[in-house]
Each structure stands twice: as C-alpha cells, then as structure tokens.
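Working notes for the structure below.
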Amino acid sequence: MYTRLVSHTDKINQQLARYGVKFGIYKGGVFEERLFPFDAVPRIIEADRWQHLERGLIQRVDALNAYLRDLYNEAQIIRDGIVPEHFAYASSGYLPQCENTMPPEGIYSHISGIDLVEGNDGEWYVLEDNLRIPSGASYPLIARNLCRRCDADTFREVPLVDNRDYGSRLKDVMDNVNRGGINVVLTPGRYNAAYFEHSYLAEKMGAVLAEPSELFVEDEVLYYRDSTRNARVGAVYRRLSDEYLDPLCFLPESLIGVPNLMCAYRAGNVAIINAPGNGAADDKGIYYFVPQMVEYYLGEKPILKNAPTYLPYYADDLAYVMENAENLVIKDVAEAGGYGVVFGCELEPEKLAELKDFVRAEPRRFIAQEVIDFKCLPTWINHEMVPRKADLRAFVLSGEKTAVWPSGLTRYARQEGSSVVNSSQGGGFKDTWVLSR
Amino acid sequence: MGTLSLERVNRLLWLGRYVERCTTTLQFILATYDAALDSTEGNWKGQLEELGFDQDNDDPVEFFHECLFSRTLTASTHYSMSAAYDNAVVLRDVIGTESCAYVQMALNEIERAEVSPTPLLDLQTVIDMIMAFKGSCDDYIANDSARNIIKCGMSIERMDLYVRLNYHLGDLRKETQKLATRVDRTGISYDRHAFKELIDKIFSPRFPEEVTYEELGSMLELIARVF
C-alpha cells in the first residue's frame, strides 16, 4: 500500500528541511533546532476501528471538560467523593485564580491531545491526556501534503480521509468562542521548542502570530498593538504555559506574559485557548480518575481504557507498587516530555530500592502503571523495514461540537526495544492514515 | 494595511535588508575573490576590510572563507542570511510557508557550500534561492503593505551598500526611483525630509562622477534616517 511512498522517504525529509519543520531543544543551556525525522510508513487505522476510537476520544474529552467546569465552580465531584479533595486541589495544575470563572461557551479544553498506544491485545489504551498546550498536529499536516506530492498514485488508490483541514477546524474552534475581535496565536517567541508549529498553525488558520510584547490589556480588553490602529483580540490561542501567562496573576517574574490578560479573560472579553487551569485535569495522578469521570458526568461506560494504574497515595496501591516495582513503569506526575519515567525492570536493585523510598516519602508525586505490551509498527530506518514501538497523539477539538481530527501524530522510538518516543528523546514521527472505508 | 505591529513592520524591513545584504555582499566578495586570484600582492582584500573583516589575515583562503561563512562577523554572508532567516521564521503567518522556505533553503545552501569542495560554484544556488524568494514575495504575500515593506528594506540596503562600498553608484538613481514608488504603499511612516534630501543628492547633475567622500558620508546618514 505504501511501498512506493517509502522509496521517497529521503526526498520527503529533504522537503521537510526545506520548510523548516523543526523542533527546538535546550541542551546544556544552548538552544538547538533539530529536524524531526519522518518515516513515510504510516500508521493505518481502518474505518471501523477509527469510529470506535473516535467515540471513545469524544467521550473522554467531554468528561474532562465537564470535570474542569465542575472543579472550578460547584466541585460536585469532590463533594460526592469521586475524586478525593486532597488529590484534586494538590495538583500542581490546579489554579485557585481560575475558581468561579466560566470560560466562553463553558469550554475549557478546546484542543486536547490524547496519547494512546495500541496494545498487542488489539485494545487502545490511553496513556496520558494533554489539555494544556498539546503540540504536534502540524507535523503530520505538512507531511501529508508532501507525501501526496511525492506519490500521487498511492493517494489516488488508498481511500484516505483527508486531514488537511486542521487549520480551518482550529479556526472554527476559535471563532466559536471569540468574544469580538481578531484571532491571535500567542507564542513565547522564536526560541520555543514548538515554534515551527506556532507559526505554521497561525498561517493555516489565518490568525495573527503575536509575541507577548505585541499584546496589551486596557479596560479589561485585550488588544494587538497594530502599527496604525490597535486591534481588539477576541480569542487567543496561547502557546505558553499557565504560570507565564500573566505576571500580575501568576509568576510575577514572567517576562513573556501579558499583564492583566486574566482580568480580560475573567471579564469575559477574550477567550483563552486552552483555558488556564486545565492542568488540574491532565495531571498524571488525576488520569487515574478519568474513567470514573466518564461514568459520573456522562452516565456511560468508558469506551477507552486507561493503562492499569496504581496510586501510591492509596495504601493498597502503595503495597502493590512496593511488591511489584520491578514490573511497573513509575512516573513522576510533575514531569513531561518523557522525563521522569522509569521502568522498574531497567533499574539495578539499589536504584530500585532508592526509587521505592522516594515513592514512600512522596506518594502523591508518583503513579505506577503496568507496562503495556504495545504494538510495534513497521518503520523504515537505514534502508530496511524494522519494527519500532509507536504511540499516537490524537487531537480532539471542542467547538460547537466535540470532534476528532481524522489523523494524529504517530511518534516512534528510534532505538530497537525502546518505548520512549518523544522527539526530545530522539524519536521520529509518522503520518496517521484513517481509512474512509 | 493588514494587522501588523511595529515589531513586525521592523522585522519585515530587516528581512528585506538582510536578504539584500547577503546578495550584494556575496556578489561583492566573489568579485573581490576573483580579482585576488590574479594577484595577492597589494590591496587584494579590496574594500572588504571596511566591512569589518580581519585586516591582519594574510591567508587569502582563510580570509575569504571568513567573509563568506563566519558565524560571528556581522558582514559575512552566512551571518546576513542567518539574520534574514531569524526574521523570516517569525513572519511565517505574514509571508507564508512557501516564501519562508526559500529563505530557509538559501541558509541551508550556504551551510552546504561551506563544506563543499566547490563552494564558490555552490554559492550560486544561494543567489538562486534569494532570487526565488524575491519572486515569491509577489506571488505569496497577500498583504500589500508587508510586501512593500520587504522591498523597501531591500532597496534601502542596496543603496546603503552601494554608497558604503562606492560600488555601482550609477545604479542609485534606479534604486531610488524604485524606493520612491513603493514607500507610500507600505502604509508606514518614514522620514520624508531625509528621503527628499537624499533624492536631491542622487539626482544632482554632479552625481556620481563628482561626488566626494564627505558627500557619500552624508548620504549614508540620510539613508539611515529614512526608516
């Protein structure tokens, strides 16, 4: 199905270099831009399997949005004891500054990046929910265009759902909550790891790419500092973390924030995409409770499974983790990007004992998961087809309705046997093909 | 004019300036290098010394390598192209990915030429990419103001270099006319008095044949004041 396409792998990668498809990384305090290696062998998802996945993703994101609406307002789920109070409020992503603030249309997570793996048992398992500023959609988006140019016959023959409307889907999401004014993509600047994506998506959705110094708030209204007349901003797709967003509300030392942005947001004069405070729902510890949220808010059985997870915070789970640490993967809930993930089986006995001590001392800081035996995908590396572990980041967009972008970022591990797929750890990416029949 | 902050106006202008600086200095360096092939006696460095390159370096290969590929000297072609790229990449939503790609490729080609056995030959591709970028501005940049700001940046840089290097002075009138046609289409404010004074000097019957170094110096000051 993709044999011809694979023969063009090098050419496609050259084209990606031409378009500056890179990600940034700080190594030893120095910023470096790296090309993101692309493998032309796609992940292929058949139509019926996609429909199942799509239903599960919509259900999950709807539940997560309901949780955020509830948590920052009535907190009924806490009163009902579904999520322990301590657990919810001790999350580092929980922001008291967002309490009793309802974002436009009640949507907190407009763009959700849900990380999944496909188990060898054929089930999809959710590994992580990313509700803050999930990145990565631009890579399969641009790669699809280049692949179509390289091998038109394949795309003529294979019944694929087109994924190239991501920009207009994003625009619809922004327009849905826009409070009057232009749409802006707020980037911390050129030296951000995902800068390519910021600029590319701004172009694709016809929004203005702005750095913080180009925005200001006056009388609780956000403006873009135009050279002739200032333009009111109705929706801002921010690509910087909550804590840096507004130095008058969060970290006072932030030099990349927009002073008083939160005032404009609280006054209902601008939509922030995604809403501040979403970290309270994508905390690795809160992940444990997402299936319960689905049942609690939607009254439905969860369609997608979590990886079997243990919370050392609970005594029974702690005992299990202590007994079975060598068979588990232990994650620090405060870390991201593949950091803070330790496979017990890879540790020397002394290091494993040290890790157990850490877990005992700070049980809320860690979760433990069974190691999922997830599928390898065929991958073209050094001119041969080899199996590599791969995950999928699916993008769920919540506008008037919740919908899943029929594609996604498939990341694969470059090293044989490795499960670490993050770009910052040397991983590459694939396109994700959703078949239309 | 579309939505452009002062920061972006500035970046558009400098994108044009750096792209032009790369083109003109590259051509100037290659012409000087060619002349130096016949003799490395006397002033074989030409006016390159005035651009800030190492006056004490007597090794022609090292000297020209530095002029072309130095990462630290602000007059090198690599430095100029790299600065153009830094501006282009933050303007992707204005100039478009296609135009941005030509700037990216010009930079890639300079880096490829640096390690090539035939660097001077390969540098032609850099010029080709820059020319493609200039052409793509017309086709891909929908914002009239943005397009004209880039082109004004190119014109002002070319004028600056011609005067600074006392090079192609006869072409300054043509360049001034181009600038005069475009500047009011940018929608940005500029120093009209300085521009008028510059026009008077360039279109004086004495120019360029009888122009003095002092007059060239005052023209440089006027060029710096226009934007």
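Just to check, using Stokes-Einstein with a Kirkwood Rh over alpha carbon pairs, what's the diffusion coefficient of segment A:1-112 at 25 °C and 0.890 mPa s in µm²/s? Walk me through the intermediate numbers first.
Details: Rh = 18.8 Å.
Estimated diffusion coefficient is 131 µm²/s.
Stretch A:ARG55-A:ASN120 to full length: gain in nm at 0.36 nm per residue minus the Cα-Cα span? Mind dumping the intermediate values first?
Details: separation 65, 0.36 × 65 = 23.40 nm, distance 2.08 nm.
The A:ARG55-A:ASN120 span can extend by a further 21.3 nm.
Put +1 on the Cβ of every Lys and Arg and -1 on every Asp and Glu Cβ in chain A; which of A:SER199, A:ALA63, A:PHE429 then has its Cα farthest towards the positive end of the dipole?
Projecting each Cα onto the dipole axis, the largest value belongs to A:SER199.
7 Å from Cα along Cα→Cβ at both A:GLU350 and B:SER39: what's the point-to-point distance in nm?
The answer from the label model is 7.4 nm.
According to a simple spin-label model (label point 7 Å from Cα along Cα-to-Cβ), what is the distance in nm between B:ASN57 and A:TYR314?
Taking the two extended label points, one gets 6.8 nm.
For chain B, with the dipole built from +1 on Lys and Arg beta-carbon atoms and -1 on Asp and Glu ones, taken about the Cα centre, which of B:GLN47, B:PRO117, B:SER189 lies farthest toward the positive end?
After comparing all options, I get B:SER189.
Just how many pairs of Lys in chain B have C-alpha atoms closer than 29 Å, counting pairs that are eight or more places apart or on different chains?
Summing the qualifying lysine pairs gives 14.
Take chain B, mark every one of the trypsin sites (Lys or Arg not before Pro) that falls in a DSSP loop and has at most 16 other Cβ within 10 Å, then report the longest stretch left between them, sites excluded.
Details: sites that count: B:ARG71, B:ARG185, B:ARG206.
With trypsin sites (Lys or Arg not before Pro) excluded where exposed in loops, chain B gives B:72-184 as its longest stretch.
Identify the GluC sites (Glu not before Pro) of segment B:4-88 meeting these criteria: DSSP loop state and at most 16 other C-beta atoms within 10 Å of the C-beta.
Sites meeting the loop and neighbour criteria: B:GLU41.
Testing the spin-label approximation: label points 7 Å from Cα along Cα→Cβ at B:ALA142 and B:LEU121. State their distance in nm.
Placing both labels 7 Å along Cα→Cβ, they lie 4.3 nm apart.
Once the piece of chain linking B:TYR167 and B:GLU98 is laid out straight, how much longer is it, given 0.36 nm per residue of separation minus the C-alpha distance between them?
Numbers: separation 69, 0.36 × 69 = 24.84 nm, distance 3.26 nm.
Length gained between B:TYR167 and B:GLU98: 21.6 nm.
Can I get the semi-axes of the protein assembly as shown's equivalent ellipsoid? Compute them from the C-alpha gyration tensor as square roots of 5 times the eigenvalues, in angstrom, largest first. Intermediate values should be presented prior to the final figure.
Numbers: eigenvalues 532, 174, 104 Å².
Calculated on Cα positions only, the semi-axes equal 52, 29, 23 Å.
Let me know the volume per residue of the alpha-carbon convex hull for segment A:308-370, in Å³.
Working: hull volume 4.5 nm³, N = 63.
Spread over its residues, the Cα hull of segment A:308-370 gives 71 Å³ apiece.
At most 13 other Cβ atoms within 10 Å and a DSSP loop assignment: could you name the chymotrypsin sites (Phe, Trp or Tyr not before Pro) in segment A:178-277 that fit?
Details: sites: A:TYR191, A:TYR195, A:PHE196, A:TYR200, A:PHE216, A:TYR223, A:TYR224, A:TYR237, A:TYR244, A:PHE250, A:TYR265; in loops: A:TYR191, A:PHE250.
Sites meeting the loop and neighbour criteria: A:TYR191.
Starting from the Cα-Cα distance between A:ARG232 and A:PHE343, subtract it from 0.36 nm times their residue separation and give me the gain in nm to one decimal. Intermediate results must be reported in sequence, preceding the final value.
Working: separation 111, 0.36 × 111 = 39.96 nm, distance 4.94 nm.
Computed gain between A:ARG232 and A:PHE343 is 35.0 nm.
Obtain the radius of gyration and the Kirkwood radius of segment A:1-65 from its C-alpha atoms and give Rg over Rh. Please list the in-between numbers first.
On the way: Rg = 17.9 Å, Rh = 15.3 Å.
Rg/Rh for segment A:1-65 comes to 1.17.
About its Cα centre, what dipole magnitude does segment B:42-151 give when the only charges are +1 on Lys and Arg Cβ and -1 on Asp and Glu Cβ, stated in debye to the nearest 20? Numbers along the way, then the final one.
Working: 7 positive and 19 negative charges, 93 e Å.
For segment B:42-151, the charge dipole is close to 440 debye.
Only Lys, Arg, Asp and Glu count, each charged at its Cβ (+1, +1, -1, -1), so figure out the dipole size of segment B:98-152 about its Cα centre, rounded to 20 debye.
160 debye
Which far-off residues, 5 or more places away or on another chain, put their amide H under 5 Å from the one on A:ARG238, with H placed in the peptide plane?
Result for A:ARG238 returns A:LEU186, A:ILE273, A:ASN274.
Please give the direction-averaged projected area of the C-alpha convex hull for segment B:95-227, in square nanometres with one decimal.
On the way: hull surface 36.8 nm².
Approximately 9.2 nm², given one-decimal rounding.
Among the lysines, which have Cα under 25 Å from the Cα of A:LYS305 when same-chain residues fewer than 8 positions away are ignored?
Counting by Cα, and skipping residues close in sequence, A:LYS305 has these lysines nearby: A:LYS284, A:LYS331, A:LYS375, A:LYS389, A:LYS401, A:LYS430.
Report, as an integer, the average count of C-beta atoms from other chains found within 10 Å of each Cβ along A:222-233.
4
Report, in debye and to the nearest 20, how large the dipole of segment A:308-370 comes out about its Cα centre when Lys and Arg carry +1 and Asp and Glu carry -1 on their Cβ. Please list the in-between numbers first.
Values: 6 positive and 13 negative charges, 46 e Å.
It comes to approximately 220 debye.
Hey, if you put +1 on the Cβ of every Lys and Arg and -1 on every Asp and Glu Cβ in segment B:1-82, which of B:LEU13, B:SER80, B:LEU37 ends up farthest toward the positive end of that dipole?
B:LEU13
Each reported figure results from applying straightforward, stated rules to the coordinates on display, with no laboratory input. Keep in mind the model is a prediction, meaning the values are calculated, not measured. Methodologically, a virtual Cβ is constructed for each residue, glycine included, from the backbone with ideal geometry; neighbour enumeration extends over all protein chains shown.
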